[in-house]
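Below is one structure; the comments refer to it alone.
Derivation of every value follows stated rules applied to the coordinates shown; laboratory data play no part. Here the structure is a predicted model, which is why all the values come from computation and not from measurement. As a convention, Cβ positions derive from the backbone with ideal geometry for all residues, glycine included, and neighbour counts pool all protein chains shown.
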């Protein structure tokens, strides 16, 4: 983003996600782009707070909410430099993005600007491929009986639930799954991903059964 040696100290860029972010995207950001990643509980208020810790903080939830934050001190440093192309582009992005709230329109305009600068749509689409995933929901007697930690990726109560989920996930190549209580109803939301859609569907179903058995599921068992 900023050519090496252009400004000092180096610019710290971070991408903030939630547990719902596809694992393939996290791998691409950290391993291919070499950027820092952070994970927070679901909700813009959590992502925005962590994104402010970076010189450039990027956050988008899987539902589309998000934006790019620029530290005012960084903007001031860049504004004082000669008008090199890279600096001009970065400052233009800082003015384009709505840093107060996640504005999908400004996000779309940024994508269009990137594509118009020489990135082909086909190349953009081919940057990485999401792992197949599945989200499900099941009713429970009392959602407050389930508590989580590690940005909602691990269940700490009821006892034994996370160990059971880990046991199911360990059997699935590139498997990942978590369960978190709904914020609005007595239900638990389950997310699973794997190498194939069939495996992701099966993993979500098995994790749902574990939650049903150990966390007070009601109604028909998944």
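A compact table of results
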| quantity | calculated |
| --- | --- |
| Pick from segment 170-181, criterion buried (at least 17 other Cβ atoms within 10 Å of the Cβ) and without any contact (Cβ under 8 Å) to a residue 60 or more places away in the chain, ranking: farthest from the chain's Cα centre (by Cα) | 172 |
| Output for segment 44-72, where each listed residue is more than 22 Å from residue 95 (Cα to Cα) and surrounded by 14 or more Cβ atoms within 10 Å (Cβ to Cβ) | 46, 62 |
| Count - residues of segment 184-222 that are outside any helix (DSSP H, G or I) and touching a residue at least 24 places away in the same chain (Cβ under 8 Å) | 18 |
| Residues within segment 86-127 that are more than 25 Å from residue 48 (Cβ to Cβ), touching a helix residue (DSSP H, G or I) at 6+ places or on another chain (Cβ under 7 Å) and surrounded by 13 or more Cβ atoms within 10 Å (Cβ to Cβ), tallied | 2 |
| Pick from segment 182-208, criterion crowded, with 17+ Cβ neighbours inside 10 Å and out of contact with any strand residue (DSSP E or B) (no Cβ under 6 Å at 6 or more places or on another chain), ranking: farthest from residue 134 (Cα to Cα) | 206 |
| Count of segment 49-73 residues which are out of contact with any strand residue (DSSP E or B) (no Cβ under 7 Å at 6 or more places or on another chain) and in a helix (DSSP H, G or I) | 3 |
